[in-house]
Every structure is written in C-alpha cells, then in structure tokens.
1. Over region 427-548, calculate the relative contact order: mean separation of alpha carbon pairs under 8 Å at least 6 apart, over the residue count, as a percent.
2. How large is ³J(HN,Hα) for each residue in region 321-327, as worked out from phi by the Karplus curve 6.51 cos²θ - 1.76 cosθ + 1.60 (θ = phi - 60°), to whole Hz, x for Gly and Pro?
3. For region 86-226, what's the relative contact order in percent, using C-alpha pairs closer than 8 Å and at least 6 residues apart?
4. Kindly give the semi-axes, whole Å and largest first, of the ellipsoid equivalent to region 365-518, taking each as the square root of 5 times a Cα gyration tensor eigenvalue.
5. Based on the Cβ-Cβ distance of Ser162 and Leu222, what FRET efficiency does E = 1/(1 + (r/R0)^6) give at R0 = 30 Å, to the nearest 0.05?
6. Given a 1.4 Å probe and every protein chain left where it sits, what share in percent of the accessible area of region 73-184 is carbon and sulfur?
7. In whole angstrom, how far apart do the alpha carbon centroids of region 499-548 and region 54-71 sit?
8. Using 7 Å Cα-to-Cβ label points, what is the Glu505/Trp267 separation (nm, one decimal)?
Amino acid sequence: MPRDGKPLQVDSRAAAGVLVLLVLAAYLPGLDAGFIWDDDAHVTSSRPVVESSGLPSIWLKPGSVPQYYPLTHTSFWIEYRLWGSDPLGYHVVNILLHAVSAVVLWRVLAGLGVPGSWLAAALFAVHPVHAESVVWISERKSTLSGLFALASTWAWLGWWRSGAGRFRGRWWLAMLLFAGALLSKTVTVTLPAAWLVICWWRRGGIGRREWSSVLPMLVLALPMGLMTIWINLPHIAGGHLDLGLSAVDRLLVAGRALWFYAGKLFWPSELAFIYPRWSIDSTSFTAWVYPLGVVALVALLWCQRSRFGRGPLAAVLLFAGTLVPALGFVVVYPMQFSFVADHFQYLASIPLLTAAAWLIVTRWYATHGGVLVLVLVVVSFSHSRIFSDSMTLWSDTVRKNPTSALALTSLGNELAAVGSHESAERRFREAIRVDPEFSYAWVNLSAELQSRGLRDEALEAASRAVELAPWLPGARVNLALGLEERGRYDEAVQHLEAAVAGDGEFVEAWVHLVRIELTRKNQPGLERAIEGLRRLDPRLARELDPSP
C-alpha cells in the first residue's frame, strides 16, 4: 500500500486465503502439540464431555464442567465423538477458528473504511500473544467466543449502516451471534459498549437508534455475566479464592495491567504462560503512575481530538473497555498466580493492532507492514512450540518465572510422571520455599513422598496440606492414606468423607472409602460408599463390591 493510504485493488478471496495461510504458518507447531494444563478437566477427563449422555449436564448442571461456557464445552462434546483423545482434531479446529476470525475482522474493518484493514487483520492473525489462545486447547473459549463476537459485530454494523427501518434481520442475527459469544465466554459482555464507541468514532455521537439497539443485548449480557460469576466462584478453587485486594488495589492492578498488555503487543518478548505476580503497594508513588498515566492519556486524546481525530481515543477506549473483565475488578482463578495472561487480551488487542496498521499504511509504506507480519510469523512459530507438551510448557515457564509456585509444582508433577522422583521432590520443595502456603505443592509433595515409602514425611506434608486447604479433596485423600497405614481407620474415613462431601465426583476418594470400609467391616458405610462410586463409575463399583 502506498504512503497515501489508498488501498490497492486485490482479489478478496486471495486476500482471505493469504490470511488463512499466515495463521497456519504462525501456529503450525500447534498441530503436533498434545494436551496440556487444564485440557484434562475440559476434555479428556471431563465426564460430561466424554460420556455420550453428558450434553444435558453441560447446559443444565452448573459445576459439571470447570466453567459455565456451555457452547464451548458442547464443541468439545461433539469433537470427542469425532476424534476422542487425539489432540490433533482439537488443535485443527482452534487454528481454523482463529483463521476465520482474522478474515471476518478484515471484512469488519474494511466495511468501516479503515485504512490498512487487511494489515490489521494480518497482525491479529499472527501476533505471538495469541499463541496461547490458539494452541492451548482449553482456550477454545477465546477462539470460539472471538469468532462469534466478530461475526456479531459484522452483522450489527451492517444493520447500523443500512439506516433506520432497514435490514432488521441483521440486527436479529447480531443478537443471536452475541448470545453465542456469551455462551462461549462471557467476557464478551463488553461487545455492545464497543459498538457504541465505534458509532461515536465514525459519526461523532451516539443516537437514540444506537442506544435502543444495544439495550436488549445489555439486558442479556448483564444476567449472563452475573450468572457466570455466581456459578464459577463455588467451583473454582473450592470457592476459597480471595486475592485480598481492596478497591484501591484493584484500581492499581488495572492501571498497570493496561500498560503491560499494550507493551506486549508492541514488543512481544519474553512471553510467558504465567507471568510474575507483582506486589501492590498503594503507598508507592510508582504504583500510581500506571492508572494516572491511563487517565492522562485519555484526557490528552480527548482534548486533542480535533487535531488527531477521534480514532486514537476510540482505539484506547476499545482496548481498555474490552479488557475490563480481566483487569482484576472481578475475581478470576488465574489471578491468584498472575494478574495478567496473554489470552486475556485476545479480542482487546484488535483496536491497538488496527491503530498500528493505520499508522503504517498512512505514514510509512506497505513493505514495513509486510516485514512486520513476517517477523511476527517467525516469533509466533517459535513461541507456539512451548505448548507442545506439559514438560516443555512448565520448563519454559519456570525458566522465565522461577518464583511461580504453580509452575514449579506442575513441573514437579511432570518429572514424577517420567520417573525423575528426586528432581520432582526438589521442585515441590522449591515451590514451598517460594510460597509456604501453596497447598497444591504440599499435596503433591505428600503423594511423591508416599510413593517412595517416606511415610512419616508424607504424613507430615499431607497434614500441612489439609491445614492450609481443608477443602481440597486430594489433600484429604493423601492424609487418609497415611492414617490408614497406621491403622487409624476411623480418622481416615472421616477425611475421605470430608473429601467426597466437598467434591462428590472425586472417584479416587470413593474408591479408598470403599476399600477402608471393607477393611474395617463397616457394612452400612461400605454400602454408602459403593452407592456413591456406582453413581460415578458403575464398572469399578461392581469390581469392588464384595456382595454377590
């Protein structure tokens, strides 16, 4: 594209095909990747996904899957019928969803008359911060909701540009697609607000027609968002997740996170699966620089909109607004490990990447954009490799973030699985040194010590795990096993019953409960345990049931 920003005439099908090819080139290592963290909970070990009769549970039984994103888990349910536990199919679908999203984004931006619309879509298509969303199977919620959100935007803008009283079908299509986005991942609740910002950017104001068109969608979005929060809190971290952040702390987190995300977009180096979790000190002047910097930038762009136009301010508002659900104002599970994650800005990256593309085509030359796209393809290709398997993922994370108790513990689990038990124990103890109250490290250390016959140390670690997190069924089971070895059956049963009371679908706890009740010849307790196990695994219940 020349310096004046006038688009070159290109075949639309060829342009779309190039976007798809760029996506395939950037994330090609994903096709050889396996299942990694959380993929078992979402797919391979998820009973509603694995069982053919599980579809109603996905929609009607909150807590049956890790998060209430029923359309996402329905896609997993369908795919499990097609390719079972072969990860290739899931990766192909994720990559194709992202590729189609890039094409839809191009058409949305082109319809708005944005200079450099294809380049913006290409930057979105191949940017390495999206490798986490595209190559990690569990992040299907981002790629699927992203496609619905972009398609909904395309439909709504088509209705908006058509004028009053025309193409009502496009509005209804936008509404339907927006519902699909919410049912895939409810962070898309900000989408109607984004449309209003686009209206202000293009026409300098928001009319009654625009407000009335998004009101029904806001009415749909608000209860969906509240329902997700209500459903997820009791089922994520046992409902015991407390970040200990005041309202002021959350504001400081949000301000710093915005600059962090923007920085990773414009200089995507040292991308990590889990970033260091920074400390928050409201008495520190530096901590206030970030949110005050955001306010100052917005104020500057507002005051200078006659000089710069409304575009730069709209881009900043769209970027920040889309990130609102992931800025710490709402508690989400990953924030106990890090306040930021690459997949949080999957859709939020679009306005800043669009601004960068506009700058390139109007101030420089197309060759600059082409070179940038190719560089990002290479970086994304390299970054995608860390998601190939769990050992590679956690090794890379520990290298980049050696103070992450979660990464150290997870790496220890992988080492134990391949027989490197001493190295595994060392990683667990490193995690405990980093965070003495990280209960999962104590749980896994206990299991490792127990497997090596270090029973006294295992019992001590299990006791500490239960003390820190009595709601964790794994901690209760480990302690119960140690107590059983010492003949303290009554205490062991108490812990196992507490485990199944906290998580009625934890099969391992039911199995040990059956076995211990059989050992101490407690027929009523045995019958209750067999019945609980039968509900989850009838075959295993039949094998353990001593009755004829």
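1. Working: 146 pairs, mean separation 18.1, N = 122.
Once divided by the residue count of region 427-548, the mean separation gives 15 percent.
2. 3J(HN,Hα) across region 321-327, in whole Hz: x, 5, 7, 3, x, 10, 9.
3. Working: 137 pairs, mean separation 29.2, N = 141.
Here the relative contact order equals 21 percent.
4. Numbers: eigenvalues 333, 54, 34 Å².
After scaling each eigenvalue by five and taking roots: 41, 16, 13 Å.
5. Details: r = 27 Å, r/R0 = 0.91.
Using R0 = 30 Å, I get an efficiency of 0.65.
6. Values: 2390 of 3330 Å².
Here it works out to 72 percent.
7. 25 Å
8. Roughly 4.5 nm, to one decimal.
The values are calculated or read from the model by the stated rules, or taken from the named source; none is laboratory data. As the structure is a computational prediction, the values presented were derived from the model and not from experiment. Here the Cβ is made from the backbone with ideal geometry for all residues, glycine too, and neighbour counts use every protein chain on show. The area values use the complete protein model at the heavy-atom level, side chains included, leaving out ligands, DNA and RNA. Shrake-Rupley method; radii C 1.70, N 1.55, O 1.52, S 1.80 Å.
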